[in-house]
Every structure is written in C-alpha cells, then in structure tokens.
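S.K.: Pasting a structure here, questions to come.
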Amino acid sequence: MKSTYNICLPLLLAHEGGYSNHPSDPGGPTNFGITIFDYRKYAKPGATAADVRAMTVEVAKRIYRARYWDAQRCDELPAGLDYAVFDYGVNSGIGRSAKALRRLLGLPDRSVTISDDVIAATHAVDPTTLVTKICDERLRFLRSLRTWPIFGAGWGRRVAEVKVAALAMAAKEHHDM
C-alpha cells in the first residue's frame, strides 16, 4: 500500500488551525489540534497552556504520525479511507473511529483498535462506499453532541471537505490500479 500520509496531514492541519482555548471546548488549550491532555501524554508531562501555545508544528506532526496515523494503521487502509479514518480519529478519538469502522464493516464490536480483521475487511469492499458511510456516521455522532450548536457549522464543513477529498483519493487509487 502506498502511504498517503504526506497528502493527508496538510489537509488535517488546515482544519485544525493554530492555538485555541475556547471555553466550550472540553479539550481545553489546543494547538494544531493537539489538546493539552495529549500534549502532556505524548510530549511534555505537566505541560501548561503556555507550553501548548509554544508547541511547534513539528512536534504536532510527530504526535499525529505516531498516535493517530500509525495507531490506526492508516498505511494499511485503502487510499481515501485512510484519510477519513485519520481525521475522524483526530477529531473524535481513535477508539471511536475504530469502533465505527468495525461496525460499518459488520465486524464484532469487541475492540477499540483497527486489527487485522478490520484491515482485511476494508480491502474486500468498495472504498468509496466505506468513505461515505464513515463520514455519514461521523456527522451523525457530531450532531448528537451538546456542543453541536457552538461548533456544528465548522464540524459539518470539515466532514464534508474530508468526504470530498477522501472520495477523490479513493477514486484516484482505483483508477491507478
């Protein structure tokens, strides 16, 4: 499988933006989409809001590669689906994205990881159908959140843009085969 990480990361970073600390965002201080919780967990234990603000994009890229892309085995997923799963995991947690993917593939919901059975199943179905289903499922989940009235317009736009880009990647991969 050809990795699309270097294509997907700039798309993700465009949605994540820079530093924010919105009072309605349960993630708290966030920079490049990395919350203070994840920054403390993966880069700097005991980090403060000022540390998050000072985080470099290079640190964020390393966290995204190891803790989101690699953790979700995106290099093993079909092109397009890798981006949809990556962005979903960043925005809503890798456990949620894995469970949603398992459910959409009709696999038992016994794990919060993307395991060998998930990888195999993704290659047995049309990736464009799966991209559409996972983006639709993601939007349903986001609409159920109490913060939808505050962040919904941006989240809805993000999911729509991810869906368009992921479908284009899947179609290109299928065409190039």
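The values are calculated or read from the model by the stated rules, or taken from the named source; none is laboratory data. The model shown is predicted, which means the values in this text are computed figures rather than measured ones. Ideal geometry is used to build each Cβ from the backbone, glycine not excepted, and the neighbour counts take in all protein chains shown.
S.K.: Would you tally the residues in segment 142-157 being free of Cβ contacts under 8 Å to residues at least 60 places away in the same chain and buried (at least 17 other Cβ atoms within 10 Å of the Cβ)?
M.R.: Final tally of qualifying residues: 1.
S.K.: Within segment 107-116, can you find the residues that are exposed (fewer than 15 other Cβ atoms within 10 Å of the Cβ) and more than 18 Å from PHE86 (Cα to Cα)?
M.R.: PRO108, ASP109, ARG110
S.K.: Does segment 92-106 hold any residues that are surrounded by fewer than 23 Cβ atoms within 10 Å (Cβ to Cβ) and either touching a Leu at 6+ places or on another chain (Cβ under 9 Å) or touching a residue at least 60 places away in the same chain (Cβ under 8 Å) (or both), and which are they? Break it down into steps so the answer makes sense when it comes.
M.R.: So in segment 92-106, the residues surrounded by fewer than 23 Cβ atoms within 10 Å (Cβ to Cβ) come out as 92-96, 99-100, 102-106.
Selection gives SER92, LEU104, LEU105.
S.K.: Let me ask something additional. Might you let me know whether segment 6-20 holds any residue that is within 30 Å of LEU104 (Cβ to Cβ), assigned to a helix (DSSP H, G or I), touching a helix residue (DSSP H, G or I) at 6+ places or on another chain (Cβ under 7 Å) and without any contact (Cβ under 8 Å) to a residue 40 or more places away in the chain?
M.R.: Checked against the condition, which is being within 30 Å of LEU104 (Cβ to Cβ), assigned to a helix (DSSP H, G or I), touching a helix residue (DSSP H, G or I) at 6+ places or on another chain (Cβ under 7 Å) and without any contact (Cβ under 8 Å) to a residue 40 or more places away in the chain, segment 6-20 yields no hits at all.
S.K.: Right, something else. Which of the residues belonging to segment 87-129 are under 24 Å from LYS61 (Cα atoms) and hydroxyl-bearing (Ser, Thr, Tyr)?
M.R.: Hits for segment 87-129 are TYR88, SER92, SER97, THR113, SER115.
S.K.: Could you please give the count of residues in segment 17-41 that are hydroxyl-bearing (Ser, Thr, Tyr) and surrounded by 18 or more Cβ atoms within 10 Å (Cβ to Cβ)?
M.R.: 2
S.K.: Something else about it: Among the residues in segment 117-131, are any under 30 Å from SER24 (Cα atoms) and at pLDDT 95 or above?
M.R.: yes
S.K.: Hey, among GLY28, GLY33, GLY18, which residue is at pLDDT below 95 and more than 18 Å from the chain's Cα centre (by Cα)?
M.R.: Details: GLY33 fails: more than 18 Å from the chain's Cα centre (by Cα); GLY18 fails: more than 18 Å from the chain's Cα centre (by Cα).
Exactly one of GLY28, GLY33, GLY18 is at pLDDT below 95 and more than 18 Å from the chain's Cα centre (by Cα), namely GLY28.
S.K.: Sticking with this structure for a sec: Please specify each residue of segment 117-129 satisfying the condition of being polar (S, T, N, Q) and either exposed (fewer than 14 other Cβ atoms within 10 Å of the Cβ) or in contact with a His (Cβ under 6 Å, 6 or more places away or on another chain) (or both).
M.R.: So the first thing to find is which residues in segment 117-129 are polar (S, T, N, Q), and the list is 122, 128-129.
Scanning segment 117-129 gives a single hit, THR129.
S.K.: With the requirement that a residue be closer than 20 Å to VAL159 by Cβ, in contact with a helix residue (DSSP H, G or I) (Cβ under 7 Å, 6 or more places away or on another chain) and not in a helix (DSSP H, G or I), what does segment 102-148 give you?
M.R.: LEU105, ILE114
S.K.: Moving to a separate point now. Is it the case that segment 76-91 has a residue that's out of contact with any helix residue (DSSP H, G or I) (no Cβ under 6 Å at 6 or more places or on another chain), in contact (Cβ under 8 Å) with a residue 12 or more places away in the chain and either surrounded by fewer than 18 Cβ atoms within 10 Å (Cβ to Cβ) or of a type in the set (Asp, Glu) (or both)?
M.R.: no
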